[in-house]
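The values are calculated or read from the model by the stated rules, or taken from the named source; none is laboratory data. These numbers were taken from a predicted model, which means no experiment stands behind them. As a convention, Cβ positions derive from the backbone with ideal geometry for all residues, glycine included, and neighbour counts pool all protein chains shown. Accessible surface areas use protein heavy atoms only, side chains included; no ligands, DNA or RNA. Shrake-Rupley method; radii C 1.70, N 1.55, O 1.52, S 1.80 Å.
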Amino acid sequence: MDKVLMKGNEAIAEAAIRANCRHFFGYPITPQTEISAYMAKRMPKIGGTFLQAESEIAAINMVYGAAGAGVRAMTSSSSPGISLKMEGLSYIAGADLPCVVVNIVRAGPGLGGIQPAQSDYFQAVKGGGHGDYRVIVVAPASIQEAVDSTINAFDLADKYRMPVMIIGDGMLGQMMEPITFPETAGKALAEKEWATTGTKMTRKPNIINSLYIQPEELEKIIMARQKKYEDIEKSEVKYEAEGLDDAEIVIVAYGTTARIVKAAMALAQKSGIKTGLIRPITLWPFPKDIIYKTAKKAKAIISVEMSTGQMVEDVRLAANGACPVYFYGRTGGAVPQPKAIFEEIRRYA
Amino acid sequence: MTREILFAGFGGQGILFCGKVAAYAGLVSGLEVSWLPSYGPEMRGGTANCHVILSDKPVGSPIVNNPTDLVVMNLPSFDKFEKTVAKGGNIIIDSSLIGKKSEREDINVHYIPATQMANDMGLGKLANMIMLGKMISVTKIISFEQVKKGIEKSVPPSKKDLIESNIRAFEAGYNY
């Protein structure tokens, strides 16, 4: 199939459609509005539902309802809007429903700014909403990876009956790169026996609920979910590694920041400093094993982020003291420059 | 071979489209490409720019900090980006909109009155394609034929009638 040039936002929307998502509920916000705009254009033509809700809160609750009815449902927003969705996300996790949420992150806190940022890491991987729950968080670094991750996100959500979040930033959402869409047409989806589709008087009613008043009953449900999370931590970790065998300095970076890091690594190579990269593709489950293994051999690890230092906490936990873990970041919508990252590499080499 | 190109000017001059044609032309030439627009509170009359990378290797950072080629169509962008051009690189300047001359001696500076040419040819809004034509003829990154294909792929189906005039504008810049 021919490669096409597409903006990250539009590519994510098209990928969702190709993954058989026919229900999208959104509310516009820069820098992700093209996802909604694309859905608004395409959904009516293919018998799907595009609905611009009255607010982000309404949109996520529409996703909750649609997911309960067993269809593939999605919403997207950017940071301030994602904050509004957190209550709904907690309910969806508490009701064990699959859905896909896209966060094209902008600078915060508050309304912040519209330029690229990674300062929603804590919110994405540490809960965000209330309660003991997890969300699978996938952070693509290219438009092709965004396409593949989006399609896979729907499969993961269905498999584990839980929300999956695609996290990008304004750069990923706005840039164009050549992509191809994998063949998905005609792929049959598994039956969702738990969905509230109407009993037609042939079965007992299915109930979608997150309220359990008896502590023992709720604890049992939470612990069963916990077991599921443990399985996911064993089998769904994804990362890209480069140059780890003989690296003195290893950088951990995700999303578009990892691409800028690669430019810094090329500068380091010219100065004779051996560097490696671990790029978490799943932020949760986090690639902690490879980080620990690497920390035992490396002189130092640097976590590079577009934040004041969020993922670095997980990198330190993973390294478990085996080597020093430093941090470099820019925030507020400022993007790190390769030269500045290279200076950090040189400082610790 | 890696070219890091910065297209810069006012919103409404077709800066982003110009970059898209370059990216598509690179794609049909078998190169790896990326296209990154400035985005945000930009509007017609405000500044706009886009970063295009064409390379025979996978594109790392899509951000162009030090362009090998700067295509510039307004004075604020010229003032802002002239100093960032990589040594040995090119600046293509729309001399009908930018009265200043570049004082740098370590780069190649090309002046072309693109906006004036577009008006004279009755190609009102197509100074951008004239600028692209000049850039391609100077850098020879991609062939004329491939840029034509890039134009065909970049023009939306609803505006197919504009392909021919875009190619004419490109040709005028290419042969200037």
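Partner lysines whose Cα lies under 25 Å from the Cα of A:K192, excluding those fewer than 8 positions away in the same chain, are identified as A:K85, A:K159, A:K200, A:K204, A:K220, A:K227, A:K228, A:K234. Probing with 1.4 Å while keeping every protein chain in the model, the per residue accessible area of chain A equals 42 Å². Probe radius 1.4 Å, ligands and nucleic acids ignored: give me the carbon and sulfur share of the accessible area of the range A:240-348 as a rounded percent. Using a 1.4 Å probe with all protein chains present, the range A:240-348 comes out at 48 percent carbon and sulfur.
Quote the total accessible area buried by chains B and A together, excluding ligands, DNA and RNA, probe 1.4 Å, nearest 100 Å².
Working: alone 8400 and 15340 Å², together 22030 Å².
For B against A, buried area totals roughly 1700 Å².
Only protein atoms count toward the accessible area here, which uses a 1.4 Å probe; on the range A:76-179, the carbon and sulfur part of that area reaches 54 percent. Between 0 and 90 degrees, the angle of helix A:143-160 with respect to the longest Cα principal axis of chain A falls at about 50 degrees. The value of relative contact order for the range A:240-348, using C-alpha pairs under 8 Å at least six residues apart, is 31 percent.
Binning the C-alpha pair distances of the range A:240-348 at 5 Å intervals from 0 yields a P(r) profile of 2, 14, 27, 27, 20, 8, 1 %, listed from the shortest bin outward.
Cα convex hull of the range B:6-141: how many Å³ per residue? The partial results should precede the final answer.
Values: hull volume 13.8 nm³, N = 136.
Output value, Cα hull per residue: 102 Å³.
When you filter the trypsin sites (Lys or Arg not before Pro) in the range A:192-280 for DSSP loop state and at most 10 other Cβ atoms inside 10 Å of their Cβ, you are left with A:K200, A:R203. Within the full protein context, the accessible area of B:K80 is estimated at about 120 Å² for a probe radius of 1.4 Å.
Ordered from highest to lowest accessible area with the whole protein assembly present and a 1.4 Å probe, A:L189, B:L36 read as A:L189, B:L36. Once the partner protein chains are put back, the range A:156-201 shows a loss of at least 20 square angstrom of accessible area, versus the chain by itself, at A:M171, A:Q174, A:M175, A:M176, A:P178 (probe 1.4 Å, ligands and nucleic acids excluded).
To the nearest ten degrees, helix A:79-94 and the longest principal axis of the Cα atoms of chain A are 60 degrees apart. Helix A:33-42: angle to the longest alpha-carbon principal axis of chain A, degrees 0 to 90, nearest 10? For A:33-42 against chain A, the angle is about 40 degrees. Partner lysines whose Cα lies under 28 Å from the Cα of B:K101, excluding those fewer than 8 positions away in the same chain, are identified as B:K20, B:K80, B:K83, B:K87, B:K125, B:K134, B:K140.
Net charge near A:F181: determine it from the other residues with C-beta under 14 Å of the C-beta of A:F181, scoring Lys and Arg +1 and Asp and Glu -1. It works out to a net charge of -3.
Leaving out ligands, DNA and RNA, and with a 1.4 Å probe, what % of the accessible surface on chain B is carbon or sulfur? Within chain B, the accessible surface is 53 percent carbon and sulfur.
Order B:S137, A:S83, most accessible first, counting only protein heavy atoms with a 1.4 angstrom probe. If you can, show how the numbers build up before the last one.
Values: B:S137 25, A:S83 65 Å².
Per-residue accessible area, sorted high to low, gives A:S83, B:S137.
Can you list which of the GluC sites (Glu not before Pro) found in the range B:98-162 are DSSP loop residues with at most 12 other C-beta atoms within 10 Å? Walk me through the numbers before you get to the answer.
Numbers: sites: B:E103, B:E105, B:E145, B:E152; in loops: B:E103, B:E105.
Sites meeting the loop and neighbour criteria: B:E103, B:E105.
Sorted largest first, the spans of the alpha carbon positions of chain A along the three principal axes are 72, 49, 39 Å.
Which residues make up the longest stretch of chain A clear of GluC sites (Glu not before Pro) that lie in a DSSP loop with no more than 10 other Cβ atoms within 10 Å, not counting the sites? Looking at chain A, A:194-349 is the longest stretch - no exposed GluC sites (Glu not before Pro) with at most 10 other Cβ atoms within 10 Å. Between the C-alpha center of the range A:6-55 and that of the range B:76-137 there is a gap of 38 Å. The aspartates and glutamates within cross-link reach of A:K297, meaning a Cα-to-Cα straight distance under 17 Å and a gap of 8 or more places when in the same chain, are A:E242, A:D245, A:D246, A:E248, A:D289.
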